[in-house]
1. Which of the following residues is modelled with pLDDT under 95, surrounded by fewer than 16 Cβ atoms within 10 Å (Cβ to Cβ) and acidic (Asp, Glu): Asp156, Asp75, Asp102?
2. Quick one: is Gly171 in contact with a helix residue (DSSP H, G or I) (Cβ under 8 Å, 6 or more places away or on another chain), within 10 Å of the ligand (Cβ to nearest atom) and not β-branched (Val, Ile, Thr)?
3. If you check Pro22, Pro40, which single one turns out to be open to solvent by 30 Å² or more (accessible area, probe 1.4 Å), within 16 Å of Gly167 (Cβ to Cβ), touching a residue at least 12 places away in the same chain (Cβ under 8 Å) and part of a loop (DSSP other than H, G, I, E, B)?
4. Looking at Leu70, Leu94 in this structure, which one is at pLDDT 95 or above and buried (at least 18 other Cβ atoms within 10 Å of the Cβ)?
5. Would it be correct to say that Ala88 is more than 12 Å from the ligand (Cβ to nearest atom), among the aliphatic types (A, V, I, L, M) and crowded, with 17+ Cβ neighbours inside 10 Å?
6. Just to verify a result, which residue in region 161-177, among those that are of a type outside the set (Gly, Ala, Ser) and at pLDDT 95 or above, is surrounded by the most Cβ atoms within 10 Å (Cβ to Cβ)?
Amino acid sequence: MTAIIDTICARRSISPKRLGYPGPNIEQVAEMVRAACAAPDHGNLAPTRFIYIPDDARQSLAEVFAAATLERNSDSSQEELEDAKQRAMNGAGLIAIWAHIDENNPIAPPHEQWIAVGAATQNLLLAANSLGFHTKIVSGGRVTSKSLRAAFNLGDGDVLVGFVVLGTYAGQTKKRLRPEPGEILSLWGPDI
Ligand SMILES: Cc1cc2nc3c(=O)[nH]c(=O)nc-3n(C[C@H](O)[C@H](O)[C@H](O)COP(=O)(O)O)c2cc1C
């Protein structure tokens, strides 16, 4: 194994509630995004954007999360609204993942653009790990809400994929169910 394969295989998502301070500084976030920019991208369409939410903007985002909850259920309880707000405050760093998918691109069909978004995001997660941080991607129904779409200024073809929550975690990571390589690797031959 190489160091990079070790880093890849050791990656585990950690619950945002357990992702403590310190989080990445802006230079470290820029390094993660530099890694994201190295992802494969057919046609150089750059379908991914990462939007960093600084700590002093989290409270404003929390209000948008509460508005998104009310949008889905105008009878939401105070407890539900507080829970929604807390989700914008969890972790020591927060980065929104934005995708723009061109449905009619003549070079790269939508599935290739989505793969580019996923590859960029995975590069970002692995770069975060290599800088000593843990992460988890979260989305939830709120990402398609009018409130969040307006807050992130999304237009036609833009998708708010979710958020990468980042932070420091010193505890044990649980073993995760992963496929065995043999389950997803096969050999092709002309008689297949
Ligand atoms: C685009 C995307 C959105 C996700 N949204 C959520 C979510 O809202 N809540 C959640 O618990 N897990 C979500 N996940 C899954 C976790 O990020 C994580 O991958 C999963 O818990 C498995 O853990 P692992 O990454 O350690 O294998 C999402 C994953 C992706 C790729």
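1. Working: Asp75 fails: modelled with pLDDT under 95; Asp102 fails: modelled with pLDDT under 95.
Being modelled with pLDDT under 95, surrounded by fewer than 16 Cβ atoms within 10 Å (Cβ to Cβ) and acidic (Asp, Glu) holds for just one of Asp156, Asp75, Asp102, which is Asp156.
2. On the way: in contact with a helix residue (DSSP H, G or I) (Cβ under 8 Å, 6 or more places away or on another chain): yes; within 10 Å of the ligand (Cβ to nearest atom): no; not β-branched (Val, Ile, Thr): yes.
No: the conditions fail for Gly171.
3. Numbers: Pro40 fails: within 16 Å of Gly167 (Cβ to Cβ).
The unique qualifying residue is Pro22.
4. Details: Leu70 fails: buried (at least 18 other Cβ atoms within 10 Å of the Cβ).
Going through Leu70, Leu94 in turn, just one is at pLDDT 95 or above and buried (at least 18 other Cβ atoms within 10 Å of the Cβ): Leu94.
5. Numbers: more than 12 Å from the ligand (Cβ to nearest atom): yes; among the aliphatic types (A, V, I, L, M): yes; crowded, with 17+ Cβ neighbours inside 10 Å: yes.
Yes.
6. Taking region 161-177 as the starting set, the residues that turn out to be of a type outside the set (Gly, Ala, Ser) are 161, 163-166, 168-169, 172-177.
Then drop every residue that is not at pLDDT 95 or above, which leaves 161, 163-166, 168-169.
Values: Val161: 17, Phe163: 25, Val164: 25, Val165: 26, Leu166: 29, Thr168: 18, Tyr169: 20.
Across region 161-177, the extreme among qualifying residues is Leu166.
The values are calculated or read from the model by the stated rules, or taken from the named source; none is laboratory data. Quick caveat, the model's predicted, so the values are computed rather than measured. Positions of Cβ are backbone-derived with ideal geometry, glycine not excepted, and every protein chain shown enters the neighbour counts. To get the accessible areas, we keep the full protein, side chains included, count just its heavy atoms, and leave off ligands, DNA and RNA. Shrake-Rupley method; radii C 1.70, N 1.55, O 1.52, S 1.80 Å.
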